[in-house]
Amino acid sequence: MIDPKILSQHNLTPGEYDLIVRLVGREPNLTEIGIFSAMWSEHCSYKSSKIHLKKLPTGGKNVVQGPGENAGIIDIGDGQVVVFKIESHNHPSFIEPFQGAATGVGGILRDIFTMGARPIALLDSLRFGPLENPKNRSIMDGVVAGISAYGNAIGVPTVGGEVYFGEGYSLNPLVNVFCLGLADKDKIFYARTEDAGNAILYVGAKTGRDGIHGASMASQEFGEDTETKRPNVQVGDPFKEKLLLEACLEVMDRNLIVGIQDMGAAGLTCSTTEMPAKSGRGVEIDLDLVPQRESGMTPYEIMLSESQERMLIACKPERVKDVQAAFAKWDLDAVAIGRVTGDGKLRCSFKGEIVVDIPVSAVVDLCPMYKRPWRTAEAAPRPADSGRYPLPADLGGAFKKLLASPTIADKEWIYRQYDHMVLINTALLPGVGAAVLRIKGTSKGLAMTLDGNGLYTQLDPGAGGRIAVAEACRNLACVGARPVGVTNCLNFGNPEKPEVMGQFKEVVEGMSEACRTFEIAVTGGNVSFYNDTEGVSIYPTPVLGIVGLVDDTAKVVTPGFKAEGEAIILLGETRDELGATEYLKVVHRREEGAPPAIDLGREKSVQEACLEAIKSGLLRSAHDPSEGGLAVCAAECAFHGAAGIGFAIDLQGGLRPDVLLFGESQSRILVTARPEDTPKVLGLAKKHGVPAAVIGRTGGTNLRFSLEGRTLIDLPVAEARAHWMNAIPDYFRVAEETNA
Amino acid sequence: MKFGVVVFPGSNCDFDTVHALREVIGRPTEILWHKDHDLRGADCVVLPGGFSYGDYLRSGAIARFSPLMQEVREFAEKGGLVLGICNGFQVLLELGLLPGAMLRNKHLKFLCRFVTIRVENAGTRFTNAGRRGQVLRIPIAHFDGNYYADPATLEDIERNGQVVFRYCDPAGGLTEEANVNGSLHAIAGLTNQRGNVMGMMPHPERASEAILGSVDGRVVFESILQAVES
């Protein structure tokens, strides 16, 4: 008997239950309720977000597959496509950081290779609470180790990403994993069953009781009982997934199958309903045939398990033996558990009885969509905000504090734990800006970046959305890549709170506007709501994953300074803006004000100027100021550049020195050029209507900033570099000593 | 000459190595499936990097039981050239074709980065294209690369000139900091006594093309060519 308690445990409203009864034509049993609960969860159905996500541009000449499949696909020419997506694993990573993050990697990899693409790159966007708190250190240590363990073992390089730290993520870390794969355009596979009579094969790991209700868990807030949810987190086996990857790509390459889907969130339930729904068919399976790791599993547990490293395949009946032989080569089972039917139903038998009999379209397509009430906050005060803060007497001290702020500090402690070179495509090592991979056999390359500043979005959601897109594209422009496609992971609080829904709406609208400016399509992504613990929502955090194409990898420009005596040129201009900056946060202990203004037209011109200069071979380095402003940007160029080269930068203009140094005005790129090329770079900027000025020169062994000739900061490169390099490792050294 | 690259379940540098040998070094290279019993006429067998069998028990511990390892052992015993890179090195240690064992890195973390190694013996068939004291910039990527052997074994391999590479600083100096994983005697690569089997933790296939940041890894492959073809 289904009673209100069961409904509440399944996160279904009485209204949703009445609809289920109507769609099924009778009272559903407990297994069927479990199926609806998983598929109608926020995580699987996008029921709160869809009405807003529709505003995003999703079409374009190069779009082969937009949202709605396991991943998006963009044509990159020469008969090749890139398949990419980003997904969150926030909730599991808080409960069990290592396995939560590891299975996040495993899940996104399957989304990519299920479409016939070989995964060639992983990137991660991570958010943690402040490292002063040992709990946050332990979460970060576990998450990084989990990503490392899974990605390294399966042999897909983790080539980049970003990490921010903030109080708002203490009880709710974010783990967003991006994966990109490469495929031949004529070898793409989709989640389809095609014709009635086709066989349904279960491949990969056996089913256990792990992860039951994972999708529903990701669709609720966390409370004090969070720790007891640990059994809901799945356990990853990268070795099994490596075998599965090779076997799947082999049967696809040999054209032995007609469709395939991974069993991620909602496991067997999701694949046995979505695959037939997309082909207008049904599926009949025998649950007794599903390989099981534990004895005595009920139909409910089998259907809702989220055990990892499993896939469902549809193939012609005469191909079953060939598929099984291919999997046997990799020591994997491929078990025929059912067949495709013509009646549009999912029918499951268990010990001779029919235990599930429901229309697949009801499960997949008829989840009610919600237009949740939303409320937008009043805009933060914008003008004249810099005057409200005392100017630090010691700007050098403030600079060192910023360099040592974990959000800005060197991330090598993290990325050296990731194999970032396997597959030998990594043309630009991780550390700063976009990742660049070569495409073997061509002169082309792929650039990728993840971006999203939660503080900007918290203080002005619309601007935060626009800036996230603009900055990601700017990172690509700095290496000489043009954006070709977007995926996004939208991390928000509880959508039933009107202010969270208001943030969501404004962020999506901001992103949408920026994507249209850059003429790029959003090909999919993931929405992660309910990032609330004990009633507190995270900062709304959209993470944009943007992929760019490089025509000629020989022309890629990197952020590091190359030689002494080269001109340092700032494209764009610095405005009187200090709101929402890392400087205010770290030095003045304030998270307030309006984020920097963004003019998308100006932004595009700056990027075009940079791209053209790179194409013409005029630039020696390029890097964009973000957190920490121009000062940190220039320092990073020195740290990543040829050994120990410093610089002297002389700032001009009527702004306060802290604004000039640490302000985060948008649409700026710091570039260097040989002295003889400098006029050409300035000319190019002018042609694009972009303000540009030579502000300094590389050389010496110090980082020197002056304002109209008066020294502001003068620090040896080595000293500044030590602050930046040791900040994150020092937190973990302290941890090791305390434990000992 | 012809190379053969062994593919174990869980190998993940197999195709990187094949790419370097075929496309960069320009020699035919066979892919050798671990379940077969056939080296397909390879003059040099390469055991590539990766996580054979997931490395769940101990790195390389299960791969030594793969059917093909019987042929690899016989091939090595007859004097055939065998190169183990990273996980391949670990497999050679487990097979007993090289002395010693691998422990976890000294900081107990996986470590992926460029390192510099010094050529200690340029007289081997894996280093004859280099010169003694030459510093090579090649990446490592491993969890268990902290080389260990008992004192008597260490003394033996040092006396016999079996140590081929040591971790060093960019100028070639041996410092504790440069010995990134804590290996005894900073050993990054070594041969058997006969000099026909070599294991190394750094990945020469990752340093064979300019776009990857270094071409120093070619020394190893070019040495093998020189040894076999001349």
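Taking the Cα-to-Cβ direction at A:ILE6 and at B:ASP38 and moving 7 Å from each Cα, how far apart do the two end points lie in nm?
Once both label points are built, they end up 5.9 nm from each other.
Give, in nm to one decimal, the length gained when the segment between A:ALA325 and A:ARG388 is fully stretched (0.36 nm per residue of separation minus the Cα-Cα distance).
Residue separation times 0.36 nm, minus the Cα-Cα distance, leaves 15.5 nm.
Using a 10 Å cut-off around each Cβ, can you sort A:ASP410, A:ASP75, A:ASP333 from fewest to most neighbouring Cβ atoms?
A:ASP333, A:ASP75, A:ASP410
Under 15 Å from a point placed 7 Å out from the Cα of A:SER361 along the Cα-to-Cβ direction: which residues of the stretch A:259-285 have their backbone N that close?
Only A:274-283 pass the distance filter.
Is there a pair in A:LYS615/A:LYS680; A:LYS242/B:LYS106; A:LYS47/A:LYS278 whose C-alpha atoms are over 22 Å apart, and which pairs would that be?
A:LYS242/B:LYS106
How far, in nm, would the chain grow between A:ARG293 and A:THR13 when pulled straight, counting 0.36 nm per residue and subtracting the alpha carbon separation?
Between A:ARG293 and A:THR13, full extension yields an extra 97.5 nm.
Under the definition of Cα pairs under 8 Å and six or more residues apart, what whole-number percent is the relative contact order of the stretch A:329-463?
11
Computed FRET efficiency, Cβ-Cβ of A:THR442 and A:ARG674, R0 30 Å: what is it to the nearest 0.05?
0.55
Rounded to whole Å, give me the distance from the Cα center of the stretch A:14-69 to that of the stretch A:609-677.
A separation of 47 Å, based on Cα centres.
Using Cβ contacts closer than 10 Å as the measure, can you line up A:LYS5, B:LYS35 from fewest to most?
A:LYS5, B:LYS35
Of the DSSP beta bridges with both residues in the stretch B:3-229, give the percent that are antiparallel, rounding to the nearest 5.
Bridges in the stretch B:3-229 are about 60 percent antiparallel.
Report the equivalent ellipsoid semi-axes for the stretch A:293-399 in whole Å, largest first, defined as the square roots of five times the eigenvalues of the gyration tensor built from alpha carbon atoms.
Equivalent ellipsoid of the stretch A:293-399: 56, 26, 16 Å, largest first.
Enumerate the whole-percent occupancy of each 5 Å bin, from 0 to the last occupied one, for all C-alpha pair distances of the stretch A:386-447.
4, 14, 15, 16, 12, 9, 9, 8, 7, 4, 2, 0
Leaving out same-chain residues fewer than 8 places away, which aspartates and glutamates sit with a Cα under 15 Å from that of A:LYS687?
Result set, ordered by chain and number: A:GLU603, A:GLU608, A:GLU612.
Can you tell me what share of the DSSP beta bridges in the protein assembly as shown is antiparallel? A percent to the nearest 5 is fine.
75
In the stretch A:279-379, which GluC sites (Glu not before Pro) are in a loop and have at most 16 other Cβ atoms within 10 Å, using DSSP for the loop call?
Here the sparse-neighbourhood loop sites are A:GLU294, A:GLU378.
Treating each Cα of the stretch A:1-120 as an identical point scatterer and ignoring solvent, apply the Debye formula and state log10 I(q)/I(0) at q = 0.14, 0.15 Å⁻¹.
For the stretch A:1-120 at q = 0.14, 0.15 Å⁻¹, log10 I(q)/I(0) is -0.84, -0.92.
Please work out the C-alpha center-to-center distance from the stretch B:48-115 to the stretch A:248-288 and express it in whole Å.
38
Where does chain A land on the Kirkwood hydrodynamic radius, alpha-carbon pairs, in angstrom?
After inverting the pairwise mean of 1/r, the radius is 26.4 Å.
What does the helix-only formula give at 222 nm for chain A: each DSSP H stretch with n ≥ 4 adding -39500 (n - 2.57), the total divided by the residues, and the result rounded to the nearest 500 deg cm²/dmol?
-10500 deg cm²/dmol
Just check the stretch A:506-616 against the gyration tensor rule for me: Cα atoms, a ≥ b ≥ c as the square roots of the eigenvalues, rounded for a/c under 1.5, and otherwise prolate or oblate depending on whether a/b exceeds b/c.
oblate
Can you give the relative contact order of the stretch B:3-229 as a percent, counting alpha carbon pairs under 8 Å and 6+ residues apart?
Here the relative contact order equals 20 percent.
For the pair A:ILE51/B:GLU176, report the inter-label distance in nm, with labels modelled 7 Å from Cα in the Cβ direction.
6.5
Name the shape class, rounded, prolate or oblate, that the alpha-carbon gyration tensor gives for the stretch A:642-685, where a ≥ b ≥ c are the square roots of its eigenvalues, rounded holds for a/c under 1.5, and otherwise prolate holds if a/b is larger than b/c and oblate otherwise.
Because a/c hits 1.5 or more and a/b fails to exceed b/c, the stretch A:642-685 counts as oblate.
Using 0.36 nm per residue of separation minus the Cα-Cα distance, give me the extension gain between A:ASN726 and A:ASP184 in nm, one decimal.
Here the segment from A:ASN726 to A:ASP184 would lengthen by 190.7 nm.
Mean projection of the alpha-carbon convex hull of the stretch B:140-222 over all orientations, in nm²?
That works out to 6.1 nm².
Which of B:GLY84, B:PHE8, B:CYS44 sits farthest toward the positive end of the charge dipole of the stretch B:3-229, with +1 on the Cβ of Lys and Arg and -1 on the Cβ of Asp and Glu?
So the residue furthest toward the plus end is B:GLY84.
Please state the shape class of the stretch B:3-229: rounded when a/c is under 1.5, otherwise prolate if a/b exceeds b/c and oblate if not, all from the C-alpha gyration tensor.
Note, shape of the stretch B:3-229 comes out rounded.
Taking 2.2 N^0.38 Å as the expected size of a compact globular protein, what ratio does the Cα radius of gyration of the stretch A:66-142 give against it, to two decimals?
Ratio of Cα Rg to 2.2 N^0.38 Å: 1.36.
Can you put A:ASP394, A:ASP624 in order, fewest other beta carbons within 10 Å first?
A:ASP394, A:ASP624
Say each of A:ASP333 and A:LYS686 gets a label point 7 Å from the Cα, pointing the same way as Cα to Cβ; how far apart are those two points in nm?
The answer from the label model is 7.4 nm.
How big is the charge dipole of the protein assembly as shown about its Cα centre, in debye rounded to the nearest 20, if each Lys and Arg gets +1 on its Cβ and each Asp and Glu gets -1 on its Cβ?
Dipole of the protein assembly as shown, to the nearest 20 debye: 1520 debye.
So if I take the centroid of the Cα atoms in the stretch A:687-737 and the same for the stretch A:411-451, what is the distance between those two points in Å?
If we compute the Cα centre of each part, the gap is 24 Å.
Would you tell me the mean number of C-beta atoms belonging to other protein chains that fall within 10 Å of each C-beta in B:47-58, as a whole number?
3
With contacts defined as alpha carbon pairs under 8 Å and 6 or more residues apart, what's the relative contact order of the stretch A:395-535 in percent?
19
Work from the charge dipole of chain A (Cβ charges, +1 for Lys and Arg, -1 for Asp and Glu, about the Cα centre) and give the residue of A:CYS478, A:PHE189, A:LEU256 farthest towards its positive end.
A:CYS478
Any read-out appearing in this document is the output of simple, stated calculations on the displayed coordinates, not a laboratory observation. Not measured: the values here are computed from a predicted model. Reconstructed Cβ throughout: ideal geometry from the backbone, glycine too, with neighbour counts over all protein chains shown.
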